[in-house]
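Here is the structure we will look at, set down as structure tokens.
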Amino acid sequence: MNITINGEAASIEPLSVQDYLIQLGIDPRRVAVELNREILPKGAYPGTALKEGDSLEIVHFVGGG
Amino acid sequence: MPENNDKLVIAGREFDSRLMVGTGKYADFPQMVAAIEASGAQIITVAVRRVNISDRNKESLLDHIDLKKYTLLPNTAGCYTADDAIRTCRLAREAGLSDFVKLEVLGDERTLFPNNEELLKAAAVLINEGFTVLPYTSDDPIVCRRLEDLGCAAVMPLGAPIGSGLGIRNPYNLRIILDTVKVPVIVDAGVGTASDAAIAMELGCHGVLMNTGIAGAQDPVAMALAMNLAVRAGRLAYRAGRIPMKLHANASSPLAGLIA
């Protein structure tokens, strides 16, 4: 199925947000996730299945002033 | 020590250091860590950005920061609308599990001056959502008062444009702001060298926030220590109460007992 992740199209197998993060090599504790413009609380990652057309934003902290 | 018990209090939280530093523009993480350590800062700013999905080999900033030791202050750098800044703050809270945010809403890319209309709009929404808002603002006493009235935990007027190193360009406005608001006044942006930081503190400002002034120096770790000392020296001088300026001389040695 097709989703948008950080503004780019991606084709993935159906899976949860938690599993998708792990597949991408991302530590779920170190990021924040928006699903379709709404904040997804960390506790909801395992129980939230990605659906066709979903839009994900995955952000983290970087150096800044 | 005269510095004892002179805490910076922001939203009920106490800090011994009055210097806040950024984490951007360093050559590498070890240099950043050494500079932060030398600065003595307890509050450090970070930016919120998309994770690079295609290249996951890069080290993460948080792998290098001891979160037991430092309070993270996520910023909304690069946001030009209230909506973008609000969205960034919500993500930052989720990523960092803290309500502290450095709110900046910029007006244009050339000056990086604040867009105060959007800033006020964003501050109102975020305060309503329980954020502790520290806004980067113009050195405008009226805007600072409005930010305080909205419930901001501090105001952070610029000393000069971000990254310019021009120093404290309008000390009189800072004094009026100090006279106008009761929340801490933290000079954010413009500091180029140690004396700039000392001047801000001697005016009575409660703290200084900087990034480029340290990270852009030829020896960032040495400059971080210089800023640490300057902020403390400036604060001590402010509390000690300086002598009035006089046009004419006033001898330090007694006139009595001169041999001739």
Within the group B:Leu229, B:Leu203, which residue is of a type outside the set (S, T, N, Q) and more than 22 Å from B:Asn4 (Cβ to Cβ)? B:Leu203
From the options A:Ala49, A:Ala32, A:Ala44, residue that is under 23 Å from B:Thr45 (Cα atoms), small (Gly, Ala, Ser) and touching a residue at least 24 places away in the same chain (Cβ under 8 Å): A:Ala32
Sort out which residues of the stretch B:39-51 are within 20 Å of B:Arg93 (Cα to Cα) and more than 8 Å from every other protein chain (Cβ to nearest Cβ), and write them in order of number. B:Gln42, B:Ile43, B:Ile44
Can you pull out the strands (runs of 3 or more DSSP E) entirely within the stretch B:56-139 that have at least 2 residues that are in contact with a strand residue (DSSP E or B) (Cβ under 9 Å, 6 or more places away or on another chain), away from chain A (no Cβ under 13 Å) and β-branched (Val, Ile, Thr)? B:132-137
If you check B:Pro30 against the conditions, is it more than 12 Å from chain A (Cβ to nearest Cβ), modelled with pLDDT under 95 and not in a strand (DSSP E or B)? no
Among (1) within 11 Å of chain B (Cβ to nearest Cβ); (2) over 18 Å from B:Arg93 (Cβ atoms), where does A:Leu40 come up short? (2)
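Condition first: within 14 Å of another protein chain (Cβ to nearest Cβ), buried (at least 19 other Cβ atoms within 10 Å of the Cβ) and either under 18 Å from the mean Cα position of the chain (by Cα) or at pLDDT 95 or above (or both). Can you find one or more residues in the stretch B:142-150 that meet it? Reasoning before the result, please.
Within the stretch B:142-150, the first condition is being within 14 Å of another protein chain (Cβ to nearest Cβ), and the residues that meet it are none.
No, the conditions are met nowhere in the stretch B:142-150.
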Scan the stretch B:58-74 and tell me whether some residue there is crowded, with 20+ Cβ neighbours inside 10 Å, in contact (Cβ under 8 Å) with a residue 60 or more places away in the chain and either under 18 Å from B:Ile10 (Cα atoms) or small (Gly, Ala, Ser) (or both). yes
Tell me which residues, restricted to the stretch B:1-27, are within 14 Å of another protein chain (Cβ to nearest Cβ) and either out of contact with any Gly (no Cβ under 9 Å at 6 or more places or on another chain) or over 12 Å from B:Arg235 (Cβ atoms) (or both). B:Met20, B:Val21, B:Gly22, B:Thr23, B:Gly24, B:Lys25, B:Tyr26, B:Ala27
Are any of the residues in the stretch B:164-173 touching a residue at least 12 places away in the same chain (Cβ under 8 Å) and closer than 14 Å to B:Leu19 by Cβ? no
Could you please find all residues in the stretch A:3-20 being out of contact with any strand residue (DSSP E or B) (no Cβ under 7 Å at 6 or more places or on another chain) and either within 11 Å of chain B (Cβ to nearest Cβ) or among the aromatic types (Phe, Trp, Tyr) (or both)? A:Gly7, A:Glu8, A:Tyr20
Selection within the stretch B:169-196 - out of contact with any Leu (no Cβ under 6 Å at 6 or more places or on another chain), aliphatic (A, V, I, L, M) and over 16 Å from B:Phe15 (Cβ atoms): B:Ile176, B:Ile177, B:Leu178, B:Val181, B:Val191, B:Ala194
Just one listed residue, out of B:Leu178, B:Leu174, B:Leu158, is within 14 Å of chain A (Cβ to nearest Cβ) and touching a strand residue (DSSP E or B) at 6+ places or on another chain (Cβ under 7 Å), and it is B:Leu158
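The values are calculated or read from the model by the stated rules, or taken from the named source; none is laboratory data. Values in this document were obtained by computation on a predicted structure and should not be read as measured data. Quick reminder, even Gly has a Cβ in these numbers, built from the backbone with ideal geometry, and neighbours come from all protein chains shown.
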